[in-house]
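Undergrad: Below you will find the structure I want to go over with you.
The values are calculated or read from the model by the stated rules, or taken from the named source; none is laboratory data. Since the structure is predicted, the reported quantities are computational estimates derived from the model, not experimental observations. A quick note on method: Cβ atoms are made from the backbone with ideal geometry, for glycine too, and the neighbour counts reach across all protein chains shown. The protein model used for the area step is the full one, side chains on, heavy atoms only, and it has no ligands, DNA or RNA in it. Shrake-Rupley method; radii C 1.70, N 1.55, O 1.52, S 1.80 Å.
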Amino acid sequence: AANPARAELVRPTNGLMMAYDPRIPADRQKFRFELAGLKDKEEVEWVLDGDSLGRSASPNHLWPLVKGPHSLSVTIYGAADRPARQIPPVRFIVR
């Protein structure tokens, strides 16, 4: 289990390899990003390959699979809308 005093990216893990299945409709191929240790009143910004996927108070984000190598980082915002914590990027691949 993650240490609740420290935010941690649970999914994806660094080096994860996923497979895109052409037999499954694209809108049904999604991966859930998961963050542990998010505190009340904090917001998460998910940044994939340098582009923001948006911000929310949820520790999860459902992402439609896209083939290729990817890098995901997370910024956690606290009071006064200031960045409170940064999660180092993890790299993963969708084949």
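Undergrad: Does at least one position in the range 1-8 carry a residue that is loosely packed, with under 10 Cβ neighbours inside 10 Å and outside any loop (DSSP other than H, G, I, E, B)? Explain how you work it out, then say what you get.
TA: The first filter runs over the range 1-8 and keeps only residues loosely packed, with under 10 Cβ neighbours inside 10 Å, leaving 1, 3, 5.
Pick out the ones that are also outside any loop (DSSP other than H, G, I, E, B) and you get none.
Checking the range 1-8: not a single residue is loosely packed, with under 10 Cβ neighbours inside 10 Å and outside any loop (DSSP other than H, G, I, E, B).
Undergrad: Another one. What number of residues in the range 17-44 are within 13 Å of the chain's Cα centre (by Cα) and either part of a helix (DSSP H, G or I) or of a type in the set (A, V, I, L, M, F, W, C) (or both)?
TA: Pass one, the range 17-44, residues within 13 Å of the chain's Cα centre (by Cα): 30-36, 38, 43-44.
Narrowing the set further to residues that are either part of a helix (DSSP H, G or I) or of a type in the set (A, V, I, L, M, F, W, C) (or both) leaves 31, 33, 35-36, 38, 44.
Residues in the range 17-44 being within 13 Å of the chain's Cα centre (by Cα) and either part of a helix (DSSP H, G or I) or of a type in the set (A, V, I, L, M, F, W, C) (or both): 6 in total.
Undergrad: In addition: From the residues in the range 66-95 that are under 21 Å from GLY15 (Cβ atoms) and at pLDDT below 95, which one is least open to solvent (accessible area, probe 1.4 Å)?
TA: Per the criteria, the residue is ILE87.
Undergrad: Quick one: which strands (runs of 3 or more DSSP E) sit completely within the range 48-95 and have at least 1 residues that are free of Cβ contacts under 8 Å to residues at least 12 places away in the same chain?
TA: 51-56, 83-94
Undergrad: Still on this structure, please answer the following. Filter the range 27-65 down to residues that are of a type in the set (A, V, I, L, M) and surrounded by 12 or more Cβ atoms within 10 Å (Cβ to Cβ) and give me whichever is farthest from ILE76 (Cα to Cα).
TA: The residue in question is LEU65.
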